[in-house]
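Below is one structure; the comments refer to it alone.
Taken together, the values in this text are just the output of simple stated rules run on the coordinates, not laboratory data. Everything quoted here is computed from the prediction, not taken from an experiment. Quick reminder, even Gly has a Cβ in these numbers, built from the backbone with ideal geometry, and neighbours come from all protein chains shown.
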Amino acid sequence: MIDQERGTGKKTRRFWLYVPFAVLIVLVAGWSIAWFILRDRAEKTLDERIAAEAGTGRVWDCSQRSIGGFPFRIEVTCATLSLTKGGVSLSFGRTQALVQVYNPGHAIATFVGPMRFDDGQIRVVGNWQSLEASVVGLDSGHVERVAIAAQNPTFTISGLPEAGDIAVSAANVETHIRSTPGTALEDRSYDIAIDATGTVLPLFDNWLADTTPGSVKARLTGTHLRLMGGRTLAEAAEQWRMDGGKIVISSFSITKGARRLDLAGEGVLDALHRPEATLTISAANLSDIVARLVSGNGSAPLEPLGPEASKAPLVPMPPVKFQGGKIYVGPFVVPKVRLPPVY
């Protein structure tokens, strides 16, 4: 009898020894089933979204699409990704977007170049070492925050009025966009922060006689912005103008070698599609540029700055106003300069 009880006790202890492993197997199997259900749901939702976009004229194409990410993510990968609407097109190379299954409102995407944009007039071709984007608010139907980080981006822009091909590059660029706190959704107001280092713009380098990489730091707020639309840049700009869109510049700083320009103000587009703005400006080592502009000889290249220029402080300048296609510096109109329509 005692031996039988001992045997029963041993079997009971063995049973409880295997219980944790059995529970783990059940959990893994259950989670696997749940992940495949989520995957199928994500694929169905993606197909429905693409069809809905096509109904508005926006045609998305994700070539060689695959969905993976097991066990904790849903990853959508495209060999190429493109968006077209009418005469507007935008495309990227290999693109991957992922969402953690426990945080579906936050998506992270990586893009491989080249990027190509064409709206029938303006064309942009870009490439980079790395490009990542983060979007928060997908589950609420309203994008709350967007962050974009690019390493060693290069872009060539062509088709701008009265300009040839323009090349621009940087070492690093970070852009952050968020809904402006305390504003209504219908205002479509967004705060924008841009930080760029190692910027190179050969067109200005030649004019400034300075090939030192520059930097840009901007803090802006834009109202009535439509982040998606699939329209030409001219159509988007006109819609923004008609809606009463405005750009408020809290701070904007450009540094190029010993030269520096800081400005703040706000601006709109006038009825003839020209910039209209009032700006307060502080500057260091820009007196030669101002002198050229005031004299009407602004296209002539500048002389290189001497070594003592690096010690120059920021100095407040007269307010600058863009109005009626003219540029005012204080009470004076800059001669021989007229602002053309943006579009």
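Among ARG94, ARG338, ARG241, sorting on how many other beta-carbon atoms sit within 10 Å of each Cβ, with the fewest leading, yields ARG338, ARG94, ARG241.
Here the 3J(HN,Hα) profile of region 118-134, calculated from phi with Karplus coefficients 6.51, -1.76 and 1.60 at θ = phi - 60°, is 8, 10, x, 10, 9, 10, 10, 10, x, 8, 6, 7, 8, 8, 10, 9, 10 Hz, Gly and Pro shown as x.
Other residues whose C-beta falls under 9 angstrom from the C-beta of ALA283 contribute a net charge of +1, scoring Lys and Arg +1 and Asp and Glu -1. For the listed residue pairs LYS217/LYS321; LYS217/LYS326; LYS85/LYS246; LYS85/LYS326, the alpha carbons are over 24 angstrom apart in LYS217/LYS326; LYS85/LYS246; LYS85/LYS326. Dividing the alpha-carbon radius of gyration of region 107-157 by the rule-of-thumb value 2.2 N^0.38 Å gives 1.36. Divided by 2.2 N^0.38 Å, where N counts the residues, the Cα radius of gyration of the chain comes to 1.39. Calculated mean residue ellipticity at 222 nm for the chain: -8000 deg cm²/dmol, from DSSP H runs with n ≥ 4 weighted as -39500 (n - 2.57), summed, divided by the residue count and rounded to 500. Shape annotation for region 171-343: C-alpha extents along the principal axes are 51, 35, 28 Å, from largest to smallest. Our summary gives the chain a relative contact order of 8 percent, counting only alpha carbon pairs under 8 angstrom and 6 or more residues apart. Under 5 Å between amide hydrogens, built in the peptide plane, is the criterion, and for SER130 it picks out GLN151 among residues at least 5 positions away or on other chains. Taking amide H positions as modeled 1.01 Å from N, with prolines and chain starts lacking one, no residue 5 or more places away or on another chain lies under 5 Å from ALA258.
Distances between placed amide hydrogens fall under 5 Å for ARG274 paired with VAL342, all partners being 5 or more residues away or on another chain. Computed from the C-beta positions of LYS336 and ALA147 and an R0 of 41 Å, the FRET efficiency is 0.45 to the nearest 0.05.
Note on the chain: with a GNM built from Cα contacts shorter than 10 Å, the maximum mean-square fluctuation among LYS246, LYS311, LYS256 falls on LYS311.
All other residues whose Cβ lies under 14 angstrom from that of LYS256 are scored, Lys and Arg at +1 and Asp and Glu at -1, for a net of -1. Whole-Hz Karplus values for region 269-280 come out as 10, 7, 5, 9, 6, 9, x, 10, 8, 10, 10, 9 Hz, taken residue by residue from phi with 6.51 cos²θ - 1.76 cosθ + 1.60 and θ = phi - 60°; glycine and proline positions read x.
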